Each structure stands twice: as C-alpha cells, then as structure tokens.
Amino acid sequence: MPPSTSLMDTFSMSTATGTLTIDLSALRANWDTLCSVLDQRPAAVIKADAYGLGAEPVGQTLYRAGCQEFFLATLEEALTARSFLPDDAVLYILGGVRPGEEEECINAGLIPVLYSRAAMDRWASVCRALDVASPSVIKVDTGMTRMGLSREDWRDCVAQPELLAGCHPVLIMSHLACADEPDHPMNRAQQQRFAEVAQSARRLLPGIRCSLANSSGIFLGADWHFDLARPGASLYGFDPVADGEPAMAAVVKLDLPVLQVRELSHPASIGYGGETRLPAGRRLAVVAGGYADGLNRTIGREGGVGYLGNTRVPVVGRISMDTTIFDITGAAPPESPESTWITVLDHRLRVADVSRRIGSLGYEVLTSLAGRYRRVYREVAQ
C-alpha cells in the first residue's frame with residue numbers, strides 16, 4: 001500500500017485512480033544539493049503548479065528551507081503564489097504581463113520579465129503615470145531564439161540608457177537551450193554572449209544582478225552561475241545531465257490500485273486492437289490509471305513497466321483511458337487484489353527513465369499527471 005503520511009489533500013478516495021506521493025523531504029534535500037554547488041542562494045521555479053506537484057506545498061517548503069525568490073509563468077500563477085507565500089518572498093513572472101495588466105502587477109508587488117521593446121515601453125509608461133519605480137527583469141535572447149531582446153534591441157538599450165532606467169530593472173536574464181548536454185557548443189556560446197550582456201548591464205546599472213543558469217546550467221560550472229540560478233526540474237528530482245548518474249533525490253511516487261487479477265485459462269488477446277496475445281497460464285492485473293491520468297499511450301509498445309512489491313512487471317496491451325494492464329506472472333500472487341498497488345514512478349522508475357522510454361521529456365511526464373490522483377505529501381521531518 002502507499003505510505004501513510006502526515007499531510008494529505010482532500011481528494012475523495014472514491015474518485016481517485018491512484019496515489020501520487022510528493023516527498024517534501026526529498027525536495028528539501030535537492031534544494032540543499034543545489035545550494036552546495038552554488039556560491040549564492042538560488043531562486044526556485046514553481047511555475048505550472050510546481051511542475052504539477054503543487055505550488056503551495058512546494059513553495060512553502062522551499063521558503064522554509066531559505067528560498068526567497070520564486071519564478072512563475074503567468075500573472076495568475078504569481079497572484080496565487082502571493083496568497084500563500086510570505087510578503088517578503090520575491091515573485092517573478094516569466095511570461096511578463098499582457099497590455100493592461102501592468103497596474104495589477106504593480107499593486108500586487110510582482111516583478112514581470114520584459115522580453116521586448118514594446119513590453120519595456122509599456123512598463124516604463126505605466127511607472128511614469130503612477131509615479132512609481134516598480135522593478136522589472138529584462139530578458140535577452142542569447143541563442144535560444146524564443147523570448148528575449150534581440151542583439152539589436154540590447155544594443156539600443158546600451159546606446160540609450162534611459163530605455164533601461166525607465167523600466168527599473170533589478171535583474172538581467174537569459175535562458176540556456178542545451179544545458180542538459182554538457183558538451184554541446186551552444187552552452188559556451190550562450191555563456192560568452194551573456195557575459196558580454198552582463199558586463200554592459202553592470203556598467204550602466206551598477207549592482208544589477210544577472211541570471212543564466214537553469215537546473216542543468218548549474219552543473220556546467222561556475223562560469224554559468226552569475227548572480228542568481230533558477231533551478232526548477234532538479235528540485236523535483238530530474239537529474240541535471242541526460243544519461244548521467246542520478247544526482248537528485250526522487251521526489252515523486254505514483255501507485256496505481258489493482259482493480260482485478262485474472263488468470264488466462266487459454267491464449268487471449270489483450271486490450272484494444274488485440275495487438276498483444278499471451279498464452280494460457282499468464283496472470284494479469286488491471287489497474288486504475290490510463291491515458292486520461294497522464295500515462296502515455298505509447299508505454300505499452302515501448303517496454304513500460306511497474307513494480308508489484310519488489311518485482312518488476314511489464315505493461316501489456318494498449319493503455320486505455322482509465323486502465324492499464326500488467327503481466328504479473330513473475331510476481332507472487334496478491335493475497336488481496338483489491339488492496340494491491342503497482343508502482344509506476346519512484347526511485348527505481350525515475351521520471352527520466354519513463355520519459356526516455358516514450359521519447360518524451362520528464363517535464364511532460366510530470367505535468368501530465370492529472371487531477372484524478374489522490375495527492376499525499378510527506379512532510380519534512382522537524
């Protein structure tokens with residue numbers, strides 16, 4: 001059975017497909033690991049509901065661990081975080097603010113990331129109209145070609161310092177594209193480009209901080225650290241280097257309840273499409289949890305597995321919307337199928353392992369875990 005814990009949400013047991021356990025002690029351990037690599041205390045990225053793990057319990061745990069700065073994706077996310085984090089927590093909005101949202105952002109004490117000249121002009125204009133010096137972050141594109149000021153726009157800012165000064169920036173940032181591949185040439189190219197940006201920014205705005213490293217960027221070395229790192233994925237148990245040795249503690253455990261165990265008395269086709277046929281004598285377990293719950297449909301074709309106790313058991317047949325079938329022939333027969341669980345994520349089946357099997361990303365695996373799971377939080381030991 002899933003472990004009992006001291007903190008649990010109120011999701012009804014009768015409607016839950018499985019139990020998603022978030023280990024806040026492991027989260028805290030990962031924070032400590034990242035802090036040990038850095039000279040400065042990092043911020044934490046808790047966007048997308050802390051990658052699906054719950055921004056409130058995650059954010060509060062990290063705040064108690066010493067985190068003072070948090071990155072969210074949208075104004076709505078940041079407003080929600082303002083309601084559960086103390087007033088001295090600094091909240092940044094990675095997606096900036098849409099036209100007309102500036103005053104609400106200012107009133108809530110939030111700091112937007114400005115990534116275009118138009119956004120900078122709007123922010124400066126509202127600050128002048130309200131006669132306030134509300135801070136912002138300026139994002140510069142150093143090679144990812146996603147969001148951020150172009151080289152030309154940054155040159156304009158350097159040539160016309162009033163453009164920057166009017167936005168009251170407290171941080172200059174960029175984002176690494178290939179940090180999980182340590183030998184990729186873009187890592188050094190982006191670092192060098194950002195170092196040039198940082199040098200000119202500090203000349204114009206003495207004391208301005210600069211931020212480049214994401215989770216994997218932290219492990220590229222001190223040249224990438226600058227003044228503020230922004231880990232997200234590593235906090236939640238993602239290892240910083242693809243195919244490297246596990247460096248972070250597993251934060252997530254997902255257990256799916258067995259609905260039925262059946263013995264095959266004759267050869268049979270399994271699941272939709274009848275793609276899988278098994279001989280007589282196999283023992284199957286049908287569990288609650290399918291693609292509506294974030295289990296990718298390709299798992300059945302790509303060697304998906306779970307654990308029944310300490311025995312590794314394979315997925316057979318296609319994943320259904322609400323159910324998945326495992327071949328548990330190699331495991332000891334459950335004494336009580338209705339109180340049996342199969343584990344599909346934990347320290348043995350890490351998020352990265354699952355994502356590699358299905359040709360996806362760990363981020364997608366975590367953020368796809370749907371709301372039908374009962375969420376349980378293991379609290380940090382006092």
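Every read-out reported here was derived from the displayed coordinates using simple, explicitly stated rules and does not represent laboratory data. The structure displayed is predicted, hence computed values, not measured ones. With ideal geometry, Cβ positions are generated from the backbone for all residues, glycine too; neighbour counts draw on all protein chains shown.
Things to note:
- Sequence-distant residues sharing a close amide H with ALA268 (under 5 Å, placed H): LEU278
- Positive minus negative residues near GLY304 (Lys, Arg vs Asp, Glu; Cβ under 12 Å): +3
- As a rough footprinting exposure proxy, the listed residues CYS167, CYS127 were ranked by other beta carbons within 10 Å of their own, and the order from fewest upward is CYS127, CYS167.
- Spacing of the two label points (7 Å from each Cα toward its C-beta) at THR298 and GLU379, in nm: 4.1
- Förster radius 22 Å - calculated FRET efficiency between ARG348 and GLU275, Cβ distance, rounded to 0.05: 0.25
- Local electrostatic count, ALA381, Cβ distance below 12 Å [Lys/Arg +1, Asp/Glu -1]: 0
- Cα-based shape type of segment 307-382, given that a ≥ b ≥ c are square roots of the gyration tensor eigenvalues and the cut on a/c is 1.5: oblate
- Panel note: the C-alpha atoms of segment 54-146, placed on their principal axes, show extents of 37, 35, 19 Å (largest first).
- Kirkwood Rh, angstrom, segment 252-378 [1 / mean 1/r, Cα pairs]: 14.7
- In this structure, the amide hydrogen of MET173, modeled 1.01 Å from its nitrogen in the peptide plane, lies closer than 5 angstrom to those of ILE138, LYS139, VAL140, SER211, counting only residues at least 5 positions away or on a different chain.
- Two-site label geometry, GLU335 and SER368: point separation in nm, points 7 Å out along Cα→Cβ: 3.6
- Cα-based shape type of segment 24-236, given that a ≥ b ≥ c are square roots of the gyration tensor eigenvalues and the cut on a/c is 1.5: oblate
- Placing R0 at 22 angstrom, the Cβ-Cβ distance between VAL158 and ALA195 gives a FRET efficiency of 0.90 after rounding to 0.05.
- For segment 46-54, Karplus couplings with θ = phi - 60° (6.51, -1.76, 1.60), whole Hz, Gly/Pro x: 10, 5, 6, 6, 6, 6, x, 9, x
- Stretch gain in nm, segment ARG98-LEU264, where the contour uses 0.36 nm per residue and the Cα spacing is subtracted: 53.9 nm
- Considered as an equivalent ellipsoid built on the Cα gyration tensor, the chain has semi-axes of 45, 21, 18 Å, the largest given first.
- Sparse packing (at most 11 other Cβ atoms within 10 Å of the Cβ) combined with a DSSP loop state is found for the following GluC sites (Glu not before Pro) in segment 249-358: GLU335.
- Amide H to amide H distances under 5 Å link ALA370 with GLY294, where only residues 5 or more positions off or on other chains count and H is placed in the peptide plane.
- For the chain, share of DSSP beta bridges that run antiparallel, in % to the nearest 5: 55
- A simple rule links phi to the HN-Hα coupling: the Karplus curve 6.51 cos²θ - 1.76 cosθ + 1.60 with θ = phi - 60°, which for segment 222-238 gives 4, 4, 9, 6, 6, 9, 8, 8, 10, x, x, 4, 5, 4, 9, x, 6 Hz, with x for Gly and Pro.
- Local net charge near GLY273, Cβ-Cβ under 14 Å (Lys/Arg +1, Asp/Glu -1): +3
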